[in-house]
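The values are calculated or read from the model by the stated rules, or taken from the named source; none is laboratory data. Please read these numbers as outputs of a predicted model, since none were measured by experiment. Neighbour counts are summed over all protein chains in view; Cβ atoms, including those assigned to glycine, are modelled from backbone coordinates with ideal geometry. Ligands, DNA and RNA are excluded from the accessible area calculation, which covers all protein heavy atoms including side chains. Shrake-Rupley method; radii C 1.70, N 1.55, O 1.52, S 1.80 Å.
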Amino acid sequence: MADDVRELLLSTTADADPSTPLSAPDLRLLIDRLRIRSDRLYASALAFASSHRAPLASALLRAADSAASSASLESSLASALSPLSSSPDLSDLRSLSDRLLAARRELRERQEHLAVASSVADLAARLRAARASPDPLAAAAAAAELKPLLVDPEGSGSSQDEPVVFGLLRSEWEQLVDELQVMLAKNLEECVEFAPEGGKMVVRAAPRGNSSGTPGVELRVALQALEIIDAIDYGMAKLADLMIKHVLVPAISKISVAVSGEVLEKSGPEYPISILCVVPTEELQGYKDGSALYSRIIDVIKFVRENICGENITWMKSFSKLTWSRISDLVIKHFISKAVPHEASKLIEFQDVVRSTTEFENTLRNMMFISHDKRDGKLTQFVDDVEVHFAVRKRNEILVKARDLLVQYDYDNPLASHNREDSIVDLLCLPEKCFISKSALQLMKLVHGALKDACLSSTRVAKELCYAARDALLLYKAIVPVQLEKQLDSINQVAAIIHNDFYHLSQEILGLAFEYRADFPGDLQKLVLFVDLAPTFSQMADGVLTRQIQLVTANLIEAIDGADGFQNTHQPQHYESAKFSIEQVVFILEKLHIMWESILPRSIYKRSMSYILGSVFSRITKDMLLIDDMAAEETLQLHGLIHLALENLSSLFLSLVENEFLDHQTWIELDKIVRPLKKFRKLAELLDMSLKSITAAWESGELANCGFTSSEVQNFVKAIFADSPLRKECLLWISRTPS
């Protein structure tokens, strides 16, 4: 409103501040303008009333009539309530009203109970009628009609809120359905009979009369009744099992058989009889493309469709659902899996089987025996994946062969072969040869054969063949160490051969990828590798050899321990003990020399034997240098023991070098190969040298070059020579002269 007032003054106070107080002239001007606007509004309202006089008069009359009616109703209500207002207590009226409401509630409940009782009585009567009906179709129809009344659509059974009587009725209905199922299924079995020996089926349109005199139900009627109560699968189940056992198994598994069916028309009250036979035939019906087999199966299915199912699609679908999966499995087992070629070059011939199998399933679809669903195309899926099946078969064959040759090979006599030269192979990465077992040799031939086939095959087949080659190699790693565990835990020639096998396989594996990768199908050239297996086999070879070296070293140390530190050898008993110890060491080393030289690769033999000889000579030298006092005779005995060991190991020494005699140059080579040998041989010379000669040898550096230390030479001098001014002087020189 304040804004409207300001608008009346805008013409005179346009630039004035809205918060500024109005002056007296402004107020008078405002009053004049308000009076003028009021006169205008009055004139406008009067003009509107004059122009709309009739509608306004009618509205006023209706308002007056409504007011009069309201007054009349108020008067009537007051007169009706006057008795109540005059009564001091309204409890009787309230009680009467409550009884009236309770009576109406009770009446409604009794009406509901009566309706429920009527429904229960009706259901019970219908159940009794269905049970007493001699017609199975009528009984089945009644049971089907009662199902939605007693069983909810979701099949959840009874609910907690329903009356108990409905649960009893439902149980009675279920019992009726069970009795119908059992009776109709038994009737079906009586209509279709199978010969105990198999291969024959007799179908009667109605069962023969039984001893009880109860008439049987026709085959068609029984199936109709089973369909009505949704139990067609129940009725067909045993029939399908017997069909598989007595008819389809012989028709599929046997080659020289034929399927024949005939209908025997009967006159009079007898129903017609149909007979299906699977009979042997002299004509050999080969399984080349499977057409003869598929024709027999189609004949059987047509017989069932015409003489049992009566061309009813629903019944045939039930029979198909119960039998098709097993028929497919039988066909795959007895025909298709056997037809898968053994060679990749013959895969093209399998296309005839693919064609006939596709035609077979299409025929069954046209007969509406199977659907177009992919799950029903089990046979075509199998033949379409023939490459995979071929590859799986080849893979299994390779693994079976690999396992058999690894398990059956006689590792106890690996050198007993008449063709021993075949087992001596060249190493791929070294210019050497080694002896391997026949099992490893044949295993690699198997692997090479698989990879050659992979180069000529499709990607899917090649992939399986490559994996088969890998698995065959891994079989050696998995089987042989476990099978020969006892031999590997003892000093044995077999262990050396197993080492060679692993070593040879590790080098062959390194060359596989380079040898075949370029010829693999394009998708596999980067996918299939063998290099990752090589370190594993190399480690296995090292592990076997290391274990053998540990066992040999342990035996040698035990033999050396028997010498009791080579002390007091001037006494006969101790000398014999030390001599026996040396002879044992020589025997063990010579035995090892005989076992290893012809088996191990040259470089591995030299490296392993040098390590073992070095540990033996180091231990003997150490024990002799630890003797704190030696008699003159004792030094002679020790000198003789050292020469005994060196002389008896001459053949072993010559196996480490390429010379034929142990001359000076040969000993120099041996000293380089077996480092502790030089110190061992020098010890023999020290035992026969004078004090001055020993001192001179130390001063010249000769002893240091042989591996002697200053403390060892000083202790040796103290042990051999008695205390004297000369010994003190020599010891002083030895201690002052740097090594």
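Annotations
- Candidate set: region 632-648, residues that are open to solvent by 10 Å² or more (accessible area, probe 1.4 Å) and of a type in the set (Gly, Ala, Ser); chosen: the one nearest to the chain's Cα centre (by Cα): 640
- Among all residues of region 459-471, there is none that is surrounded by fewer than 22 Cβ atoms within 10 Å (Cβ to Cβ) and either in contact with a strand residue (DSSP E or B) (Cβ under 9 Å, 6 or more places away or on another chain) or within 30 Å of residue 553 (Cα to Cα) (or both).
- Residue in region 701-710 that is open to solvent by 50 Å² or more (accessible area, probe 1.4 Å) and farther than 30 Å from residue 590 by Cα present: yes
- So residue 371, is it without any contact (Cβ under 8 Å) to a residue 60 or more places away in the chain and either open to solvent by less than 30 Å² (accessible area, probe 1.4 Å) or not aromatic (Phe, Trp, Tyr) (or both): yes
- Helices (runs of 4 or more DSSP H) contained entirely in region 427-538, each with at least 3 residues that are among the hydroxyl-bearing types (Ser, Thr, Tyr): 459-483, 493-516
- Residue in region 711-738 that is nearest to residue 671 (Cα to Cα), counting only those that are open to solvent by less than 60 Å² (accessible area, probe 1.4 Å) and either touching a Cys at 6+ places or on another chain (Cβ under 6 Å) or without any contact (Cβ under 8 Å) to a residue 24 or more places away in the chain (or both): 713
- Scanning region 598-609 for residues that are over 18 Å from residue 677 (Cβ atoms) and open to solvent by 70 Å² or more (accessible area, probe 1.4 Å) gives a single hit, 602.
- The residue that is most open to solvent (accessible area, probe 1.4 Å), counting only those in region 610-629 that are outside any helix (DSSP H, G or I) and among the aliphatic types (A, V, I, L, M), is 626.
- Top-ranked residue of region 561-590 - restricted to ones that are closer than 22 Å to residue 653 by Cα and loosely packed, with under 14 Cβ neighbours inside 10 Å, ranked as nearest to the chain's Cα centre (by Cα): 587
- Residue in region 347-363 that is within 30 Å of residue 475 (Cβ to Cβ), at pLDDT below 85 and assigned to a helix (DSSP H, G or I) present: yes
- Of the candidates 662, 683, the single residue that is modelled with pLDDT under 90 and either surrounded by 14 or more Cβ atoms within 10 Å (Cβ to Cβ) or in the same structural domain as residue 610 (by the TED database) (or both) is 662.
- Within region 331-346, considering residues that are open to solvent by 30 Å² or more (accessible area, probe 1.4 Å) and of a type outside the set (Gly, Ala, Ser), the one nearest to residue 454 (Cα to Cα): 343
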